[in-house]
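Report on the following structure.
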Amino acid sequence: DLDRFRLRVLVAALAVLALVWAGGAGRLALAGPSETVPDVRLRLVQPNIPQVEKWKPELRGQHFLSQLRMGSLPGEPPPTHVIWAEAAAPFFLAETPEALALLGEATPEAGLTVVGTLRRSLPGEPYQIWNSLLAVTRSGQVAAAYDKSHLVPFGEYVPFRSILGLSSVAAGTADFSSGSGIATLSLPGLPEVSPLICYEVIFPAEVADEERRPRWLLNLTNDGWYGHSPGPYQHFASARLRAVEEGLPLVRVANTGISAIVDAHGRVLDQLPLGAQGLIDGELPVALAAPPPYGRFGNALVFALIALVAAAGLALGRRARS
C-alpha cells in the first residue's frame, strides 16, 4: 500500500545518507597521516587586534611593530615563511620604505613574509585602491602581489553609490577596485599557491585556476567585524570545504581567529581559537596526487546529481499515484 511504499522510500533515503557518511569515514581512515612539503616551515601570526582599534591612525604603527615582534620570535625549528592576516599592515605598505625595511629584517633568510595590506594606483593614473597581499623578501623587496577580486557588497564597495548616496559598512568614502581574478602565484621556497582574501574562499569552484592548478590555498582574512558570533565559525567551516572539494591543503590566517592549517582531506592539523593572540608554527601539507571528483568537474557534478534526484523523485511520485 501507499504507506508501506513511503516507508521504503524513507529507508532508502536514510541508507544513502549512511553510505555517504561511511564512505567519507572510510576514506579518512585509509588516508593515513598527512605528508608535508620538505623544507617548508610556516609561521601564522594571529595578533587579535580589536576591530575598533585596528584602523586608528595613532595605533597603526604599534599594531605593525607588534606583529613584527611576533613573527620574529625564535622557533625550533625556525620558520621559513611568515604569514600575516588580511590588512595586517593597515597602510600602503609598498609605499612605505621604512616599514618594508623593518619587515625584511624580520623575514627568515631565503624566505618570505606574506602580508595583507592596502595598495593603490601610481601617481598620474586614475585613482584606484585594492585590498591586497604582498610577499616581501629578506631584502625588503616585494616578490609578488595579489589584489582581491571578489569584493564584499556594501563593505568594500557600494553598488550604485552615486545614485543611492549610501556609505559602506566599513564607513569608507571610496570603493575598492577589483583585482584580475583567480591567480596562481609562484613564491620563492614554496609550492605554487592560490591566494584568497577574506570571503573569496567561500565560493565553490572559484578558488583555484583550472589552467594552472596550485598546490595549496592561502586564505588571509579579518573576521574581527563579526566579534564572538557564529560568523567566524561558519567562515572557517566554508574554507575547510574548499580544501576537501579541491584536494588541496588550506592555510588560513585571521586577525582575531580562527587561524589554522588544514590538510587536503579537510582535517585540521593545528589551529588558534577565536579571540586569541598567538602563533602557529607548522608544516605545509601536500596536495592530493589527483583532484577529487569535485575538483575535476566542479558544479557540473552537482547539477548532474540534482537532475538525477529530481528524475528519481518524479518516477517515485508517478508510481505512488498509480
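The values are calculated or read from the model by the stated rules, or taken from the named source; none is laboratory data. All figures in this text were calculated on a predicted structure; none of them were measured in a lab. When we count neighbours, we look across all protein chains shown, and the Cβ atoms used for this are built from the backbone with ideal geometry, even at glycine. Just so you know, the surface numbers come from the protein's heavy atoms only, side chains and all, with ligands and any DNA or RNA stripped out. Shrake-Rupley method; radii C 1.70, N 1.55, O 1.52, S 1.80 Å.
Quick notes on this structure:
- Max mean-square fluctuation residue, GNM over the chain, Cα-Cα springs under 10 Å, options Pro293, Pro47, Pro74: Pro74
- Among the GluC sites (Glu not before Pro) found in region 170-266, those both in a DSSP coil and sparsely packed, with 12 or fewer other Cβ atoms within 10 Å of their Cβ, are Glu210, Glu211.
- Rounded to 5, percent antiparallel among DSSP beta bridges of the chain: 60
- Highest GNM mean-square fluctuation among Asp281, Asp263, Asp175, for the chain modelled with Cα contacts below 10 Å: Asp175.
- Computing FRET efficiency as 1/(1 + (r/R0)^6) for Ala312 and Glu105, where r is the C-beta to C-beta distance and R0 is 56 Å, gives about 0.35.
- Fraction of C-alpha pairs exceeding 18 angstrom in region 38-90: 35 percent, rounded to a whole number.
- Among Ala110, Pro126, Thr96 the positive-end extreme of the charge dipole of region 93-164 (Cβ point charges): Pro126
- In the context of the full protein assembly, Arg267 retains an accessible surface of approximately 60 Å², using a probe radius of 1.4 Å and ignoring ligands and nucleic acids.
- Length-normalised contact order for the chain - Cα pairs under 8 Å, 6+ apart - percent: 17
- The mean sequence distance of close C-alpha pairs (under 8 Å, at least 6 residues apart), as a share of the length of region 19-148, puts its relative contact order at 20 percent.
- Carbon/sulfur fraction of accessible area - region 192-295, other protein chains in place, 1.4 Å, %: 54
- Apportionment of accessible area to carbon and sulfur, region 1-158, percent (1.4 Å): 63
- For the chain, built as a Gaussian network whose Cα springs stay under 10 Å, the top-fluctuating residue of Leu220, Leu28, Leu42: Leu28
- Where both bridge residues fall in region 182-322, DSSP classifies roughly 45% of the beta bridges as antiparallel.
- Cα Rg over Rh - region 11-53, Kirkwood: 1.35
- Per residue accessible area in Å² of the chain, where ligands, DNA and RNA are left out and the probe is 1.4 Å: 51
- Convex hull of the chain built on C-alpha atoms - directionally averaged projected area, nm²: 21.1
- Across all Cα atoms of region 2-129, the radius of gyration (one decimal) and Dmax (whole number) stand at 24.8, 77 Å.
- Over region 230-273, the ratio between the Cα radius of gyration and 2.2 N^0.38 Å evaluates to 1.03.
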